[in-house]
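Here's the structure, in structure tokens; my notes come after.
The values are calculated or read from the model by the stated rules, or taken from the named source; none is laboratory data. Note that the structure is predicted; figures quoted are calculated from it, not measured. Cβ: placed from backbone, ideal geometry, glycine included. Neighbour counts: every protein chain shown.
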Ligand SMILES: [Zn+2]
């Protein structure tokens, strides 16, 4: 609905300012007054369009995100730290080798096996 009004206002603005321009080009004191008024209306319509677009843009858009936990969710980013330097290691730095998780640290280059912490 707002979109239709916005488009109408935009085209109205174009029409009015175009028409006003013709009047101004035609010259004459009367024509200049009419032209100025028409251009004014056109600019007002442009302003309406601009304000509407801005209002539309400032509205919070509902973004639905599907967050999927990889695997059991045991190896979350924040939970994995390099045993060598203590740097945060991303999931992409983990590799599953022979059933064990090998960690390649992007910071110090240390390769180490991660032990699964026992759950109590
Ligand atoms: Zn490290």
TODO: Return a yes/no flag: does segment 63-81 have any residue that is more than 30 Å from residue 14 (Cβ to Cβ), within 11 Å of the ligand (Cβ to nearest atom), at pLDDT 80 or above and touching a helix residue (DSSP H, G or I) at 6+ places or on another chain (Cβ under 9 Å).
DONE: no
Task: Number of positions in segment 1-31 that are more than 13 Å from residue 49 (Cβ to Cβ) and surrounded by 15 or more Cβ atoms within 10 Å (Cβ to Cβ) - done: 5
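Condition check: at pLDDT 80 or above and surrounded by 14 or more Cβ atoms within 10 Å (Cβ to Cβ). Does residue 46 satisfy that?
Numbers: at pLDDT 80 or above: yes; surrounded by 14 or more Cβ atoms within 10 Å (Cβ to Cβ): yes.
So residue 46 passes the test.
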Task: Considering residues of segment 83-112 that are part of a loop (DSSP other than H, G, I, E, B) and either touching a helix residue (DSSP H, G or I) at 6+ places or on another chain (Cβ under 9 Å) or at pLDDT below 60 (or both) only, the residue farthest from the ligand (Cβ to nearest atom) - done: 90
